[in-house]
Protein chains: 2
Amino acid sequence: MTARKVRAANTLRRPACFGGFAPHVRCASSITQRETNMAFTGRELRTKIDEEGNLVLSLEEVTIDDPADDEIIVRVEAAPINPSDLGLLIGPADVTSAKPANDGCSGLTLHVPSHRLPAVKGRIGQSLPIGNEGAGTVIAAGKDAVSLKGQRVGMIGGAMYADYRRIKANDVIPLPAGASAKDGAAIFVNPLTAQGFVETALTEGHKAIIHTAAASNLGQMLQKICLADGIPLINIVRSPEQVELMRAIGAKYVLNSKDANFGEALTDAIVETGATIAFDAIGGGTLGGEILQAMERASVLTASEYNRYGSMTFKQLYIYGMLDAAPTTFDRGGIGFQFSISGWLLFPYLQKAGEAVAQRFRGRVLDELTTTFASKYTRVIGLAEALDPEILNAYVRKATGEKFLIDPTIG
Amino acid sequence: MTARKVRAANTLRRPACFGGFAPHVRCASSITQRETNMAFTGRELRTKIDEEGNLVLSLEEVTIDDPADDEIIVRVEAAPINPSDLGLLIGPADVTSAKPANDGCSGLTLHVPSHRLPAVKGRIGQSLPIGNEGAGTVIAAGKDAVSLKGQRVGMIGGAMYADYRRIKANDVIPLPAGASAKDGAAIFVNPLTAQGFVETALTEGHKAIIHTAAASNLGQMLQKICLADGIPLINIVRSPEQVELMRAIGAKYVLNSKDANFGEALTDAIVETGATIAFDAIGGGTLGGEILQAMERASVLTASEYNRYGSMTFKQLYIYGMLDAAPTTFDRGGIGFQFSISGWLLFPYLQKAGEAVAQRFRGRVLDELTTTFASKYTRVIGLAEALDPEILNAYVRKATGEKFLIDPTIG
């Protein structure tokens, strides 16, 4: 933050908004993008929670400093809205409470119920940029990175919901010739996560994988990898349409958790595949525990003798998402003592896995950019539209199969 | 089982019980203990669940085969009732339903509610011996173990609630001169578990430990080890009396989970000690999750910046007991993604830790048999008394501080 000059959109020297009459998106879009010498000024989406539980989303005017020798400046042309972005964007706020900010200009205000405030104590008062990953064109470069100028790149590192992003050359990947910004916008989070799941499973000695919310973009990538690499994958989805979608891309095991015989079908699939590891995007409720129970039932079915402590088969559940923020509940009586329920996060995982693994993952992403790792978007919106209450509600809904892309160049 | 000849007490050639008049304990005690040549015949406590959900506890007459070259026969003189024994003994049965078995002779019958039957499917129809550990005197030995004859030993391996136990010489530890059977009855489960906790914590890089149900015999041993080894231990108990008990043995951190400020006090103690690992005997309910939340709060308090995914401090909760069989519930919002909730079981742990560690643990137990690893018993009962409904209810209650010892030689 120290290296960027930040002023709120409504405190511009040349005021973009007077009083409370103009719709908030007008204020935001009235900020002029300026590219003079190496000084770039543009919009950046911010989220901030105050002591009273008001969460304000706003577009701030930001002037980007000159790039250091090893840095570049990228004009952002595409940035996906991932579930991991929403956690920061709206925090624990009540989405239905979204309304234009009091000054009618600076963005949207949402309400955070008071009992949820302690969980976000650490961010209160901080104006935080958002957007884990994106893609765009390099418009300026430090002296060690000049070869990148004019190049289209994929990026990771936060603050991507903005017109411009200053970033280390090492944190971008030049896209292959002909790849669009849309093609390159989501080459980090989901592609590395999907590969991370498979690598985690194999490294920890498992031979088949279970995945929930499996019809997501991430889930489809995971299925394609597992098919290519010959690893059995049990997909758990929540509708017949999602079953069809996964079948269409070649999935052998697809179970609808709403089916009456779900538990039995899951046990059967586990007996058949030997799955002892699961990656769960949902987190809340009982599904994770039900998966462990099904693994345990499958182990007991194949065990030769009764063990009062349950089977000796080690079962691992990784919770990597929070589609359901409710508490997690599991019944240990049905899972024995050979289990672990753990969090799984991409960046700590990559750090632990080491640079060689990360390189291998990135190489595969580029090789299979428009096949295995293609993301589908159901809607492309401008940066200002991200603050439209109706649009906000649509992308926050997190319906599997629905996926939004922000393109700051369209508004 | 193949090597032991088993007949039910009520099918003795010389019937011990006619009809339904005699109290069940009379039947059991009417079995004659016989020691002729090398053939020993005595009682063995058994538990069996049938398809209808009747759990029957009985004393069976068992004739022990001659010991193999590397085996010995021990007259059992003391065997503790550990929580881990109760899981097998009464399974998921309703303790208050205990009544003398239908034939009025063969023991006690308890009812297993039908919804709990699937969890014990694997043991239905099997007559299972009980008693993880015990101590007694070697009364016969195979040729490679003759040096043990007459020696008092501590043993582990199940089926200790019996008059006699045939066992491999390797599975016993000769007790020091002057040690009673009572001194040596519980030298495996609790002493090895307590040492296993400390070893696990240090091996996994933690510097302080949290323990629940901490006033138990196990908890007292753990506190003594931690004091001797200089490892901070936060004890969580459930009454002011238990706080006093732990203070009396030198505990610095003792928190009553029923106190109104428990959560804050726990967070403070974690900030002070840096505890990032907990061993939980309770399992059910929310306490385990509350401990992880307190660890997370402590991390966030000391963190320099906000991280949307929670702190980067890895937090480990090991569930090793089931004092509360209710489901486990935890709120991930308050614990971030750097956590693991896992089962911890002594025997798989020892196998993984290796023989050198196990040897070291056993050496320390013998060195500190009557100090660090002394167990206190509140009541000594005979084998037949274990089937008295009133006594059963007393030892099943699992009140911390209450501990029963079975001495088959007294009845």
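Key figures
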quantity	calculated
Cβ-based net charge around residue A:317, under 11 Å, with every Lys or Arg adding one and every Asp or Glu removing one	-1
Which of B:165, A:43 is most accessible, then next, and so on - probe 1.4 Å	B:165, A:43
Candidate residues B:268, B:94, A:367: accessible-area rank, largest first, probe 1.4 Å	A:367, B:268, B:94
Relative contact order %, chain B, counting alpha carbon pairs below 8 Å whose residues are six or more apart	16 percent
Reach of residue A:376 by Cα under 15 Å, taken over aspartates and glutamates that are not fewer than 8 positions away in the same chain	A:183, A:368, A:402, A:407
Sum of side-chain charges, residue A:374 neighbourhood, beta-carbon under 11 Å (Lys, Arg +1; Asp, Glu -1)	+1
Residue B:390 paired with residue A:52, simple spin-label distance in nm, labels 7 Å along Cα-to-beta-carbon	6.8 nm
Karplus-derived 3J(HN,Hα), 6.51/-1.76/1.60, for each residue of segment A:189-203, Hz, glycine and proline x	4, 5, x, 6, 5, 4, 5, x, 4, 5, 5, 4, 4, 5, 4
Cut-off under 5 Å, modelled amide H: who pairs with residue B:151 long-range	B:138
Efficiency of FRET between residue A:402 and residue A:356 - r from beta-carbon atoms, R0 35 angstrom, step 0.05	0.45
Beta bridge orientation in segment A:192-350: antiparallel %, DSSP, nearest 5	0 percent
Label point 7 Å beyond Cα along the C-beta direction, distances from residue A:370 to other copies (nm, shortest first)	8.4
Vicinal HN-Hα couplings computed from phi for segment B:156-171 (Karplus, 6.51 cos²θ - 1.76 cosθ + 1.60; Hz; Gly/Pro x)	9, x, x, 6, 8, 7, 7, 6, 10, 9, 8, 7, 5, 4, 5, 8
Loss of accessible area when B meets A, both sides summed, Å² nearest 100, probe 1.4 Å	3500 Å²
Nearby lysines by direct alpha-carbon distance to residue A:207 (threshold 18 angstrom, same-chain neighbours under 8 apart not counted)	A:224, A:252, A:315
Within straight-line cross-link reach of residue B:143, aspartates and glutamates at Cα separation under 12 Å, skipping those fewer than 8 residues along the same chain	B:66, B:69, B:70, B:71
Shape call, segment B:317-411: gyration tensor on alpha carbons, a/c limit 1.5	oblate
Inter-chain Cβ neighbour average for residues B:333-339, partner chain, 10 Å	6
Under 9 Å, Cβ to Cβ, from residue A:169 - net charge with Lys/Arg +1 and Asp/Glu -1	-3
Nearest-0.05 FRET efficiency for residue B:262 and residue B:117, computed from C-beta distance (R0 56 Å)	0.95
Nearest-10 value in Å² for the accessible area of residue A:247, using the 1.4 Å probe	110 Å²
In degrees, nearest ten, helix A:217-229 long axis to first principal axis of chain A (Cα)	50 degrees
Euclidean distance between Cα centres, segment B:184-216 to segment A:100-152, Å	46 Å
Extension reserve of the residue A:244-residue A:380 stretch, reckoned as 0.36 nm per residue once the Cα distance is removed	46.5 nm
Computed accessible area, residue A:253, all protein chains, 1.4 angstrom probe, square angstrom	30 Å²
Helix-only mean residue ellipticity at 222 nm for chain A, each DSSP H run of n ≥ 4 adding -39500 (n - 2.57), per residue, nearest 500	-8000 deg cm²/dmol
Average beta carbon contacts from partner chains per residue of A:281-290, 10 Å cutoff	1
Heavy atoms of residue B:329 accessible to a 1.4 Å probe, total area in Å² rounded to 10	40 Å²
Residue B:77 long-range amide H proximity, modeled H, under 5 Å	B:135, B:136, B:137
Copies compared at residue A:302 - label distances in nm, ascending, label defined 7 Å from Cα in the Cβ direction	4.3
Anisotropy class of segment B:192-350 from Cα gyration tensor, a/c 1.5 cut	rounded
Calculated log₁₀ intensity ratio I(q)/I(0) where the Debye formula runs over C-alpha points of the protein assembly as shown, q = 0.07, 0.09, 0.10, 0.11 Å⁻¹	-0.64, -0.93, -1.07, -1.22
Separation between Cα centres of segment A:248-319 and segment B:228-282, rounded to whole Å	36 Å
Average beta carbon contacts from partner chains per residue of A:113-124, 10 Å cutoff	3
Rounded percent of accessible protein surface that carbon and sulfur make up, chain B, 1.4 Å probe	52 percent
R0 of 30 Å, Cβ-Cβ distance residue A:271-residue B:68: FRET efficiency to nearest 0.05	0.20
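The values are calculated or read from the model by the stated rules, or taken from the named source; none is laboratory data. Keep in mind that what you see is a predicted model, and the values were worked out from it rather than measured. With ideal geometry, Cβ positions are generated from the backbone for all residues, glycine too; neighbour counts draw on all protein chains shown. What goes into the accessible areas is simple: the full protein's heavy atoms, side chains included, and nothing from ligands, DNA or RNA. Shrake-Rupley method; radii C 1.70, N 1.55, O 1.52, S 1.80 Å.
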